[in-house]
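Read the structure below first, then the notes.
Throughout, read-outs are computed from the coordinates displayed, never taken from laboratory work. As the structure is a prediction and not an experimental result, all values here were calculated from the model. Note: ideal-geometry Cβ built from the backbone for every residue, glycine included; neighbour counts use all protein chains shown.
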Ligand SMILES: Nc1ncnc2c1ncn2[C@@H]1O[C@H](COP(=O)(O)OP(=O)(O)O)[C@@H](O)[C@H]1O
Ligand SMILES: [Mg+2]
């Protein structure tokens with residue numbers, strides 16, 4: 001793909017002499033929370049940012065991988081699925097790797113069983129093809145073990161209770177396995193475009209950090225220490241360990257129970273043969289993410305926390321030299337009556353609600369019931385206008401800190417997105433300007 005990593009926040013900020021310089025995320029975090037009092041929304045403000053051209057991105061034959069990242073609940077899975085559908089309907093052969101699709105969305109894409117392989121999605125128009133899969137992290141871990149160890153050793157590892165908890169519960173396993181799966185799909189070479197959803201971590205950065213963390217856990221010091229006795233051959237080796245160490249393992253043995261310790265050391269001994277493999281694979285996938293055919297889309301809601309996370313991610317991509325395509329600002333609110341400001345709506349509601357006001361606003365033909373209803377609607381409208389103002393302020397803040405990051409806004413739809421039509425609509429909104 002032609003888009004190279006953009007110059008973003010930190011470099012730009014460096015030209016500003018007011019040291020100590022805040023990061024983009026800090027600037028966003030410092031945005032006042034309850035600032036809605038400050039004036040009405042600027043209506044008719046064209047987005048000052050560069051528009052992100054999503055179709056150009058997914059149509060570009062050079063684009064091979066799109067990674068949708070962002071903090072939890074912002075619409076990563078929805079965006080990934082919508083992009084996959086759109087790209088397929090525009091003629092590309094696409095696979096979408098989803099991590100945690102909501103049940104109805106998964107069903108609508110035919111993802112009823114978690115079998116860890118892509119399946120063709122039915123009901124897709126156009127000349128392309130859409131395949132989709134849901135990540136099964138345990139299965140993916142098993143695949144890695146099977147690929148790295150002979151069958152006997154693989155069994156030994158997989159039967160070990162530590163493996164069971166590592167492969168299902170260890171923080172970071174899901175992120176690691178998402179990357180692993182991405183590497184597998186890419187190596188398979190069956191698709192023009194791979195779209196990757198990322199795990200529902202609190203922080204978007206976990207996706208990049210967790211594999212490394214898991215890697216350091218697997219070849220970390222604690223494990224090497226625990227492994228030492230088993231590795232050099234049981235009790236006879238103990239005399240080579242210093243007193244502190246044997247005390248340490250002794251205490252651990254008491255705390256965890258001797259069996260547990262035995263399990264753990266058997267496990268790490270078996271895993272030892274794979275340490276290199278794990279690292280190597282994580283490194284390879286990391287390099288894949290830096291490759292020119294990869295594009296990151298940061299998804300955020302127009303809210304402070306989500307945009308702060310987005311800012312962290314944008315900075316991080318810059319540092320890691322990973323190509324950022326742009327920001328998807330999802331679930332943006334709008335109104336059908338932009339001329340009516342929050343202030344005027346509130347004032348009108350008050351007038352309607354004040355009894356016996358002879359100011360001409362409430363005419364005698366309007367029943368009291370209608371007045372109450374109208375006042376309620378006016379208040380709702382005022383709330384929405386305040387929300388729009390807040391969202392725009394957050395958006396403008398981000399845009400002013402990252403003027404080179406292309407942005408696209410997707411409106412908040414009335415209901416959840418749970419079928420292909422909903423995904424199509426999101427895809428269309430991603431391209432409406
Ligand atoms: N633009 C939108 N309008 C309305 N609902 C949306 C929109 N984008 C996402 N949603 C809904 O928000 C919820 C969270 O979206 P999801 O894609 O699962 O977020 P994430 O993967 O980031 O956790 C889902 O129920 C989804 O249908
Ligand atoms: Mg998700």
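Quick look at the values:
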{"item": "Fewest-first sequence of 390, 153, 321 by Cβ atoms within 10 Å of each Cβ", "result": "321, 153, 390"}
{"item": "Length gained when the stretch residue 55-residue 188 is fully extended (0.36 nm per residue, less Cα-Cα span)", "result": "45.4 nm"}
{"item": "Mean Cβ count within 10 Å, highest first, over the residues of peptides 154-164, 308-318", "result": "308-318, 154-164"}
{"item": "Cβ-Cβ FRET estimate between residue 164 and residue 104, R0 fixed at 30 Å, reported to 0.05", "result": "0.50"}
{"item": "Full-stretch length increase - residue 62, residue 291 - with 0.36 nm per residue and alpha-carbon distance subtracted", "result": "81.4 nm"}
{"item": "Simple label model, 7 Å out from Cα along Cβ direction - residue 335 to residue 428, nm", "result": "2.6 nm"}
{"item": "Förster-model FRET efficiency, 51 Å R0, residue 146 and residue 320, C-beta, rounded to 0.05", "result": "0.95"}
{"item": "Packing rank of 367-377, 293-303, where each peptide gets the mean count of other beta carbons within 10 Å, highest leading", "result": "293-303, 367-377"}
{"item": "Förster radius 35 Å - calculated FRET efficiency between residue 155 and residue 93 (Cβ-Cβ, nearest 0.05)", "result": "0.45"}
{"item": "Spacing of the two label points (7 Å from each Cα toward its C-beta) at residue 22 and residue 127, in nm", "result": "5.1 nm"}
{"item": "Inter-probe distance in nm under a simple model that places probes 7 Å from Cα toward Cβ, at residue 400 and residue 283", "result": "4.5 nm"}
{"item": "Extended-chain gain in nm, criterion 0.36 nm per residue less alpha-carbon gap, residue 117 and residue 412", "result": "103.0 nm"}
